[in-house]
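Everything below concerns the one structure shown next.
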Amino acid sequence: MKAKEIVTLQRSLLHDTENLLNKQIEMEGRSSAYYLSMASWCHMMGYENAAKYLYTHADEERMHMMKIFHYINEAGGHALQPEITGIRNNFNSLREIFELILEHEIKVTKSINAIVDHAFIAKDFATFSFMQWYVTEQREEETMARRAVELFDIIGEEGIGLWTIDQELGKLHQAAHEPQK
């Protein structure tokens with residue numbers, strides 16, 4: 001039987017919610033490190049636009065982590081700095097990187113959805129509301145990752161295909177960071 005939690009004046013965040021959010025901090029931190037490693041590999045291989053895309057993405061993932069970090073602490077919880085180890089540094093191809101990104105973003109979406117579901121069931125509407133930004137962000141992240149993988153099928157990797165894909169990744173990166181109209 002689950003012990004009932006008591007919200008005190010010092011704390012408005014339930015322990016179960018705090019634990020889920022700290023796991024998400026780890027996932028976002030791992031994403032940042034993963035994308036930074038991928039960016040470095042792309043840079044080394046001469047895929048400058050892909051590298052730029054991934055360097056920016058690594059920064060964004062860290063920002064996602066920090067938003068949750070602050071939320072936990074401001075709600076009276078204790079955000080925990082995750083230990084990030086085991087990050088892969090070498091990849092077989094540019095396509096592999098973007099396939100891994102799509103797979104990873106789908107896992108992040110599932111994790112975000114689990115937190116939102118938990119917050120709703122627990123009637124933790126502050127966390128539920130806070131997490132809506134992540135729900136929207138994850139839809140954008142998945143769409144971008146899916147589009148990047150589609151480029152390999154549409155353009156092909158033969159001849160100047162990889163160069164063209166790198167150019168298109170630059171355009172995708174730029175479009176994602178233009179102000180919304």
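Below are the figures for this structure:
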{"read-out": "Förster radius 41 Å - calculated FRET efficiency between PHE125 and THR85, Cβ distance, rounded to 0.05", "value": "0.70"}
{"read-out": "Cα-based Rg and Dmax for the chain, where Dmax is the largest Cα-Cα distance (Å)", "value": "18.5, 65"}
{"read-out": "Fully extended contour minus Cα-Cα distance, from GLU158 to GLU74, at 0.36 nm per residue", "value": "25.0 nm"}
{"read-out": "Principal axis dimensions, region 42-135 - Cα atoms, whole angstrom, descending", "value": "49, 23, 22"}
{"read-out": "Residue-averaged 222 nm ellipticity for the chain, from DSSP H runs of 4+ at -39500 (n - 2.57), nearest 500", "value": "-26000 deg cm²/dmol"}
{"read-out": "Options SER111, HIS78, SER129, ranked by Cα towards positive dipole end of region 29-181, top entry (Cβ charges)", "value": "HIS78"}
{"read-out": "Charge dipole of the chain about the Cα centre (unit charges at C-beta), most positive-ward option of HIS15, SER32, ALA58", "value": "HIS15"}
{"read-out": "Values of log10 I(q)/I(0), in the order q = 0.11, 0.19, 0.23, 0.25 Å⁻¹, for region 102-168 under a Debye, Cα-only, solvent-free model", "value": "-0.40, -0.73, -0.89, -0.97"}
{"read-out": "Carbon and sulfur %, accessible surface of region 79-171 computed with the full protein complex present, 1.4 Å", "value": "55 percent"}
{"read-out": "Dipole magnitude of the chain about its Cα centre (Cβ charges: Lys, Arg +1; Asp, Glu -1), debye to nearest 20", "value": "580 debye"}
{"read-out": "Distance (nanometres) between label positions extended 7 Å along Cα→Cβ at LYS107 and THR143", "value": "2.5 nm"}
{"read-out": "Surface accessible to a 1.4 Å probe, PHE69 within the full protein complex, Å²", "value": "40 Å²"}
{"read-out": "Anchor LYS171: aspartates and glutamates whose Cα lies under 16 Å away (excluding residues fewer than 8 positions away in-chain)", "value": "GLU48, GLU140, GLU141, GLU150"}
{"read-out": "Accessible-area ranking of LYS67, LYS23, largest first, probe 1.4 Å", "value": "LYS23, LYS67"}
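The values are calculated or read from the model by the stated rules, or taken from the named source; none is laboratory data. As the structure is a computational prediction, the values presented were derived from the model and not from experiment. Note that each Cβ is placed from the backbone with ideal geometry, even for glycine, and that neighbours are counted across all protein chains shown. What goes into the accessible areas is simple: the full protein's heavy atoms, side chains included, and nothing from ligands, DNA or RNA. Shrake-Rupley method; radii C 1.70, N 1.55, O 1.52, S 1.80 Å.
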